[in-house]
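To start, the structure itself, in structure tokens.
The values are calculated or read from the model by the stated rules, or taken from the named source; none is laboratory data. These figures come from a predicted structure and were not determined experimentally. Using ideal geometry, Cβ is built from the backbone for each residue, glycine included, and neighbour counts are taken over all protein chains shown.
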Amino acid sequence: MLLNDIQTYLLEIHEPAFRLKQLRTAIYTQYATNFTDITTLSLSLREVLQAKFGPINPLKSLHTVTGNQVEKVLFETPSGHLIEAVKLTYLPNAERKTTHTALCVSSQSGCAMGCQFCATGNIGFKQNLSADEITGQYLYFKQKGDPIDSIIFMGMGEPFANENNLFEALHTLTDPDLFALSPSRLSISTVGLLPGIQRLTQEFPQINLTYSLHSPFDKQRSQIMPVNQTYPIEKVFLALNEYIKTTKNRVFIAYTLLKDVNDSPEHAQALAELIKSQRDTAYLYHVNLIRYNPCPSEVIFERAEPAKVKAFQATLDRLGVKNTLRQDFGVEIDAACGQLYASYSQKQSLA
Ligand code: SF4
């Protein structure tokens, strides 16, 4: 972590202890971009730190695409890998009186999980992000003065597959002396890696949790999401129920509707039954239905028809399962994770 390296260096050059506090405030509260901007330090120290550590944010922004209520940024890590972060602006509606800005961040460049419908899964695994590279996505938007109300780990990568760096990033984001975000403003989305779910339950019970399910049937889920062979649905629900009992939080079930794959009445019925079968915790599950953003180079899956989406939702409503159809944005800018990466890499290789 950058702050630890700075601390070690300040000790080496015999700077007084309060320098670290000044730097901490400048980086994590005032979101300084360069050490040379930190005017509470002497000019010579600023220059020495800038020469030694370079820009404060390890990420370099390569490309930004904006669309309706969406801003998507492609970053390069110091080792030359690409990642994406997406800022989503939710306008006031009947349930919420104010605008809400959520930042969707990546935890890995690429991903090894191989979910068939996912553009990032198609890229394959490239790199685990360090804690500073994870928090650097948030820092980038704060450095340019954007309000960010919540952070969701639903960008590139499976967060719990990069467990130690993820947890270090969560500490940095929530530490009152660092970014000082309330844990309830953070949300982790996982395909069901049990060790990570169990650790989150113990270490960050206030952080929100989403299970990316996408099929209520083990056989089909194992086909489209190979991780299900290691962590089948029933075992994951046992861990989710423990999370609910310990934290009293809701758990969100992400369900992307894929045409003629998982959008049938049988799927809706089975999903409702799966949730109802959790008995005393069932009322704390909430299904987030997602319209699929087709990948540019991917023709296997398509968006479910609007009538099918409506019928799916109606079945959940009738069977008493709480659900929301997620606001749809970003199709025009390839907003699903991994899609900007794929189109950018393609352009680079054609250039
Ligand atoms: S859906 Fe998530 S876990 Fe699956 S391949 Fe894509 S990024 Fe990885």
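Of the residues in region 126-145, how many are out of contact with any Phe, Trp or Tyr (no Cβ under 6 Å at 6 or more places or on another chain) and either farther than 16 Å from E84 by Cβ or free of Cβ contacts under 8 Å to residues at least 12 places away in the same chain (or both)?
Going through region 126-145 one residue at a time, the tally reaches 5.
If we keep just the residues of region 183-213 that are touching a residue at least 40 places away in the same chain (Cβ under 8 Å) and part of a loop (DSSP other than H, G, I, E, B), which is nearest to the ligand (Cβ to nearest atom)?
V191
Could you tell me whether L49 is in contact with a strand residue (DSSP E or B) (Cβ under 8 Å, 6 or more places away or on another chain) and either modelled with pLDDT of 95 or more or part of a loop (DSSP other than H, G, I, E, B) (or both)?
So L49 fails the test.
So which pairs qualify, if the first residue must be in region 49-62 and crowded, with 20+ Cβ neighbours inside 10 Å, the second must be assigned to a strand (DSSP E or B), the Cβ gap must be under 6 Å, and the two must be at least 6 apart or on different chains?
Matching pairs, first to second residue: L59/F75.
Quickly run through region 76-88 and pick out the residues that are buried (at least 16 other Cβ atoms within 10 Å of the Cβ) and either over 15 Å from the mean Cα position of the chain (by Cα) or not in a strand (DSSP E or B) (or both). Before you say what the answer is, go through the steps one by one.
So in region 76-88, the residues buried (at least 16 other Cβ atoms within 10 Å of the Cβ) come out as 76-77, 81-88.
E76, T77, H81, L82, listed by residue number.
Which ones in region 96-142 are part of a loop (DSSP other than H, G, I, E, B), at pLDDT 95 or above and hydroxyl-bearing (S, T, Y)?
S106, S107, S130
Say we look at region 156-182 and pick out the residues that are hydrophobic (A, V, I, L, M, F, W, C) and away from the ligand (no atom under 14 Å from the Cβ); which of these is surrounded by the fewest Cβ atoms within 10 Å (Cβ to Cβ)?
In this case the residue turns out to be A180.
Tell me the residue from Y243, Y255, Y283 that is surrounded by fewer than 20 Cβ atoms within 10 Å (Cβ to Cβ), within 26 Å of G196 (Cα to Cα) and of a type in the set (F, W, Y), please.
When all the criteria are applied, what remains is Y283.
Could you please let me know if R24 is of a type outside the set (D, E) and in contact (Cβ under 8 Å) with a residue 60 or more places away in the chain?
Yes.
Looking at L43, L2, L62, L11, which one is out of contact with any helix residue (DSSP H, G or I) (no Cβ under 7 Å at 6 or more places or on another chain) and under 28 Å from S106 (Cβ atoms)?
L62
Please verify whether region 327-342 includes one or more residues that are loosely packed, with under 14 Cβ neighbours inside 10 Å, among the charged types (D, E, K, R) and modelled with pLDDT under 95.
Scanning region 327-342, I find at least one residue that is loosely packed, with under 14 Cβ neighbours inside 10 Å, among the charged types (D, E, K, R) and modelled with pLDDT under 95, so the answer is yes.
Any idea which residue in region 108-155 is nearest to the ligand (Cβ to nearest atom), counting only those that are surrounded by fewer than 18 Cβ atoms within 10 Å (Cβ to Cβ) and on the phi > 0 side of the Ramachandran plot?
Among them, the one singled out is G114.
Starting from residues that are out of contact with any Asp or Glu (no Cβ under 8 Å at 6 or more places or on another chain) and part of a loop (DSSP other than H, G, I, E, B), keep the ones in region 214-244 and report whichever is farthest from S184 (Cα to Cα).
Per the criteria, the residue is F217.
What do you reckon, is I253 at negative phi and either within 21 Å of the chain's Cα centre (by Cα) or not in a helix (DSSP H, G or I) (or both)?
In short, yes.
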